Amino acid sequence: MRLEEIYSTYDKIVQSGYLPYIRCRKCTNTFFYVRNLCPKCGSRDLEVVRSGGIGKVFSWTKIFRKNDTSIYGIVELEEGFKIYCNFASDVEIGDKVKVKINSLEDGKYKVLAYKL
């Protein structure tokens, strides 16, 4: 799959309100970040898939700023890949969460996880 095809498919999935990820057809490795080679086996035989968005908190940290506190961390999705995101509320490692992704005007994504 060409990189342009992957970006295009990612955008379509995000626009439909879902979280995309990539699965290697050769070794079944799953990953989130857009690339046209499997980081595990180097295969180009990839498919872009829609995630259910359900996972567990793998790690988290609080960032304290002058007038704000933010919680960031990593979620391990049921499909086997991990994603970095913001958390909407306090969480603990192992908490079940729903991850949502939104496309921003500058072409980037905002990923937010909600405790279930």
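Candidate cross-link partners of Lys100 among the lysines, defined by an alpha-carbon separation under 21 Å and a same-chain spacing of 8 or more, comprise Lys12, Lys56, Lys62, Lys82, Lys108, Lys110, Lys115. Backbone phi angles across the range 69-77, fed through the Karplus curve with coefficients 6.51, -1.76 and 1.60 (θ = phi - 60°), yield HN-Hα couplings of 10, 10, 10, 10, x, 10, 10, 9, 7 Hz in residue order; Gly and Pro are listed as x. If one takes the longest principal axis of the Cα atoms in the chain, at what angle in degrees, from 0 to 90 and to the nearest 10, does the Cα axis of helix 3-15 lie? Orientation of helix 3-15: about 40 degrees from the principal axis. Given R0 = 35 Å, the distance between the Cβ atoms of Asn67 and Lys96 translates into a calculated FRET efficiency of 0.70.
A full extension of the chain between Cys27 and Glu78 corresponds to an added length of 16.6 nm, given 0.36 nm per residue minus the alpha carbon distance.
Compared with the alpha-carbon gap, the fully stretched path from Glu5 to Val34 is longer by 9.4 nm at 0.36 nm per residue. Out of Tyr33, Tyr84, Tyr18, any idea which swings most in a Gaussian network model of the chain, alpha carbons joined below 10 Å? So, out of Tyr33, Tyr84, Tyr18, the one fluctuating most is Tyr33. Backbone geometry of the range 35-48 corresponds, through the Karplus equation with coefficients 6.51, -1.76 and 1.60 at θ = phi - 60°, to 3J(HN,Hα) couplings of 7, 10, 10, 5, x, 8, 10, x, 5, 9, 7, 10, 9, 8 Hz, x marking Gly and Pro. Using R0 = 30 Å, the C-beta based FRET efficiency linking Tyr109 and Ser43 works out to 0.75. Considering the range 52-113, its Cα convex hull presents a mean projected area of 4.7 nm². When a 1.4 Å probe is rolled over the protein heavy atoms, the share of accessible surface on the chain that falls to carbon and sulfur comes to 48 percent. With both labels modelled 7 Å from their Cα along Cα-to-Cβ, the Ile54 to Ser89 distance reads 1.9 nm.
The values are calculated or read from the model by the stated rules, or taken from the named source; none is laboratory data. None of these values were measured; they are calculated from a predicted model. Using ideal geometry, Cβ is built from the backbone for each residue, glycine included, and neighbour counts are taken over all protein chains shown. Each accessible area value is taken on the protein alone, full model and side chains, heavy atoms only, with ligands, DNA and RNA left out. Shrake-Rupley method; radii C 1.70, N 1.55, O 1.52, S 1.80 Å.
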